[in-house]
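Q: Before I ask anything, let me first share the structure, which is written out below as structure tokens.
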Amino acid sequence: MKEKHYGLAIFSTLVFIFLLGPLVIISVTSFGPGTVLKFPPDGFSLKWYQNIWAVDMFPKTFVTSIIISLLGNLLALILGVPAAYALSRYHFRGRDLLNAIFLSPVLIPGIVLGFTMLKYVLVMYQLPIYAGLLVGHTVIMLPFIIRVIGSSLSNFDFSIEEAAVSLGAGRLQAFFRVVLPNIRSGIMAAVLIAFLESFNNVDISVFMTGPGISTLPIQMLTYVQNYFDPTIAAISVVLMILTGLLMFVIERLMGGLAYFTKR
Amino acid sequence: MTLLSLEQVSVAYDNHLILENFDLKLEEGKLLSLLGPSGCGKTTTLRLIAGFLEAKGGKFMFDGRDYTHLPVNKRNFGFVFQSYALFPHLSVYDNVAFGLRLRKMKEGQVKEKVLRMLDIVSLNGFEKRFPQELSGGQRQRVAIARALVIEPDLLLFDEPLSNLDANLRVTMRVEIRRLQQELGMTAVYVSHDQEECFSISDQVAIMNAGKIEQLGAPTDIYQYPKTEYVARFIGFNNFLVFDGTRQGNTGLEWTIGDYGFDVQLQAGQSTANTYKGAIRPEDLRIIPLGQLTDLQKSLSNQVPGTVKVSTYLGRSYQFEVQTALGAFTVNQEMDIPIAPGQQVMITFPADKIVMVAQ
Ligand SMILES: Nc1ncnc2c1ncn2[C@@H]1O[C@H](COP(=O)(O)OP(=O)(O)OP(=O)(O)O)[C@@H](O)[C@H]1O
Ligand SMILES: [Mg+2]
């Protein structure tokens, strides 16, 4: 087709500028030599990138964030995969209610959830900060795990599971040998989405962090309250690159898996 | 020897009874098909035998043992699904090897058995392919190989050919029958397709609303349906509703008003309460009334009528004939069809009328 869609082209360009503009501005300002965020910057310097490592709370909270997100992810998988399986495999009374309960953390405002968690997990049950943080992050990841894996199970042909059982497999064997390998891409996607959700979370973490233990986003928040130098821009750039890499790897992985699981 | 027997079994979905006090027996080495309209409980019966469904009551005996509460994976039955249900993430080889590996068989032995089975279903050379790289017929053969290789005590098929085109269906059904006979397997086969069932079975069970209406050899059922339901199901579209009997010229005759019908009963057939005769459209004969003498017109087993509709069927013509006893459908081969509006005489051959119960 020779027809040119000028309108569409202009519109897409505007959307891109609107979406990517701030990212570009942040990236550029992070290389400025001045002590305040300035666009365009007066020169070029990498000193704010060095400063990330100098402020030792940044590397420390980064590690905490990673550990909490990974461990929480694992816990959410252990709870979420069987739940998603049961919800899509069986029709039982109260299924819709259970579905709603599992998804409720996405529907409740983060602040409310965070406050409630603070009240129960930390105040009432006196869990250590680290454990409380882990519980909180497991709770926010669970709905994403259940929803994403649930959607890949919703068009799953369970007769292949029955076929495995008829060939002599036990229920668990059938699940691990036949169901799991065929929803691998769904699980990967769920893990990635849940990880990003947890890693970037502020509203729950803000209630669950305590003296000496914090997550990276909370630490960044604390930092901008006191300083206005481009360190925060530099750290954002590093996070963008890491997230981008993660997305790229998962995308490749899922693309590869999709090839094997296509019907 | 009776291998399989369901005794007074009931199955319900959410308190809705699908099978009630259901009985079924099957001899070793035979292929039984379940035939019936959609929703009559064929799949339910098959899944009950496989163990996917739990019976509410009754007993399932297999090879002299009580299988009623035995889990599916302990039954050693092969199940061939309508959707094939191949494992998408495994190659043809690994699909077929699946059941053997679960039995902890040595890889060398697995290989030998898988390759031999792929040879039997003519799929040599396809080991490395994935299910999505196969045609429908090839997938079906992998599904059959996968079920057969574990040397099951019973094979269960749920409409295994319904996703294939007509030609392939015929080829595959012959192949299934050949395999079943060669390997001496006992099998239960579900299908919608009458011709398919009749052509491959030792026994056919005609089902109606969760009950078996008639069970017998294909030829028996085809020729001598016992009930009106079975008769209608297998194409006896014409019924004579008798009102009594009388002594005719050649013996006892069944009557409808003044019309008399001589009926040749089957050996051992009881006629105590059967006052309905069924006959296929292709077994009726029609002749223009004008071609008959008065003497011929006075014979039994005849009803005069008027042709209402005539339809060309390719090999023959189908006529709708309106008579004093209701409408009848007649299929007859002829060069020049009888035109609608013409007066005709329908003949009901005595040996083609089958007495059926309501
Ligand atoms: N999972 C289920 N839950 C509730 N009712 C069911 C379920 N499966 C089947 N039924 C009902 O049980 C009855 C028998 O179903 P079944 O699948 O055995 O029929 P079928 O003879 O195999 O039909 P078809 O030829 O269409 O496959 C039907 O009325 C159906 O609606
Ligand atoms: Mg069915």
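The values are calculated or read from the model by the stated rules, or taken from the named source; none is laboratory data. Note that the structure is a prediction, hence the values are computed from the model and not measured. FYI the Cβ positions are ideal-geometry reconstructions off the backbone, even for glycines, and counts take in every protein chain you see. Ligands, DNA and RNA are stripped out before the accessible areas are found, and what is left, the full protein with its side chains, is counted by its heavy atoms. Shrake-Rupley method; radii C 1.70, N 1.55, O 1.52, S 1.80 Å.
Q: Only one of A:Ile149, A:Ile160, A:Ile145 is open to solvent by less than 50 Å² (accessible area, probe 1.4 Å), among the β-branched types (Val, Ile, Thr) and within 30 Å of B:Leu46 (Cβ to Cβ). Can you tell me which?
A: Values: A:Ile149 fails: within 30 Å of B:Leu46 (Cβ to Cβ); A:Ile145 fails: within 30 Å of B:Leu46 (Cβ to Cβ).
So the residue among A:Ile149, A:Ile160, A:Ile145 that is open to solvent by less than 50 Å² (accessible area, probe 1.4 Å), among the β-branched types (Val, Ile, Thr) and within 30 Å of B:Leu46 (Cβ to Cβ) is A:Ile160.
Q: Let me ask something additional. Please give the helices (runs of 4 or more DSSP H) falling wholly within segment A:77-195 in which 1 or more residues are under 30 Å from B:Val96 (Cα atoms).
A: Values: elements: A:95-107, A:110-117, A:129-154, A:159-166, A:171-174.
Output list reads A:129-154, A:159-166, A:171-174.
Q: Please verify whether segment B:43-53 includes one or more residues that are at pLDDT below 90, open to solvent by less than 40 Å² (accessible area, probe 1.4 Å) and either more than 14 Å from chain A (Cβ to nearest Cβ) or within 16 Å of ligand 2 (Cβ to nearest atom) (or both).
A: Applying the first criterion (at pLDDT below 90) to segment B:43-53 yields none.
No - not one qualifying residue is present in segment B:43-53.
Q: Let me ask another. May I ask you to list the residues in segment B:55-78 that are more than 14 Å from chain A (Cβ to nearest Cβ) and of a type outside the set (Phe, Trp, Tyr)?
A: B:Ala55, B:Lys56, B:Gly57, B:Gly58, B:Lys59, B:Met61, B:Asp63, B:Gly64, B:Arg65, B:Asp66, B:Thr68, B:His69 - these are the residues of segment B:55-78 that are more than 14 Å from chain A (Cβ to nearest Cβ) and of a type outside the set (Phe, Trp, Tyr).
Q: Could you count how many residues in segment B:157-208 are surrounded by fewer than 18 Cβ atoms within 10 Å (Cβ to Cβ), under 20 Å from B:Arg47 (Cα atoms) and modelled with pLDDT under 90?
A: Result for segment B:157-208: 4.
Q: Which condition number in (1) away from ligand 2 (no atom under 16 Å from the Cβ); (2) in contact with an Asp or Glu (Cβ under 9 Å, 6 or more places away or on another chain); (3) open to solvent by 10 Å² or more (accessible area, probe 1.4 Å) is the one that B:Ile144 fails?
A: Of (1) away from ligand 2 (no atom under 16 Å from the Cβ); (2) in contact with an Asp or Glu (Cβ under 9 Å, 6 or more places away or on another chain); (3) open to solvent by 10 Å² or more (accessible area, probe 1.4 Å), only one is false for B:Ile144: (3).
Q: Report yes if B:Gly39 is within 16 Å of ligand 2 (Cβ to nearest atom), on the phi > 0 side of the Ramachandran plot and loosely packed, with under 14 Cβ neighbours inside 10 Å, otherwise no. First the steps, then the outcome.
A: Values: within 16 Å of ligand 2 (Cβ to nearest atom): yes; on the phi > 0 side of the Ramachandran plot: yes; loosely packed, with under 14 Cβ neighbours inside 10 Å: yes.
The answer is yes for B:Gly39.
Q: Run down A:Phe62, A:Phe11, A:Phe16 and say which single residue is within 22 Å of the chain's Cα centre (by Cα) and assigned to a helix (DSSP H, G or I). Write out each step before concluding.
A: Details: A:Phe11 fails: within 22 Å of the chain's Cα centre (by Cα); A:Phe16 fails: within 22 Å of the chain's Cα centre (by Cα).
Within the list A:Phe62, A:Phe11, A:Phe16, the selection yields A:Phe62.
Q: With the condition kept exactly as written, say whether any residue in segment B:158-170 is outside any loop (DSSP other than H, G, I, E, B), more than 16 Å from ligand 1 (Cβ to nearest atom) and touching a strand residue (DSSP E or B) at 6+ places or on another chain (Cβ under 9 Å).
A: No.
Q: While we're here: Mind checking which residues of segment B:196-239 are assigned to a helix (DSSP H, G or I), within 20 Å of B:Glu175 (Cβ to Cβ) and more than 16 Å from ligand 1 (Cβ to nearest atom)? Before you say what the answer is, go through the steps one by one.
A: Of the residues in segment B:196-239, the ones assigned to a helix (DSSP H, G or I) are B:196-200, B:218-223, B:228-233.
Restricting the remaining residues to those that are within 20 Å of B:Glu175 (Cβ to Cβ) gives B:196-200, B:218.
Within segment B:196-239, B:Phe198, B:Ser199, B:Ile200, B:Pro218 qualify.
Q: Criterion first (in contact with a Ser or Thr (Cβ under 8 Å, 6 or more places away or on another chain) and either open to solvent by 70 Å² or more (accessible area, probe 1.4 Å) or among the β-branched types (Val, Ile, Thr) (or both)) does A:Lys38 satisfy it? Explain how you work it out, then say what you get.
A: Details: in contact with a Ser or Thr (Cβ under 8 Å, 6 or more places away or on another chain): yes; either open to solvent by 70 Å² or more (accessible area, probe 1.4 Å) or among the β-branched types (Val, Ile, Thr) (or both): yes.
Here the answer is yes, as A:Lys38 does meet what is asked.
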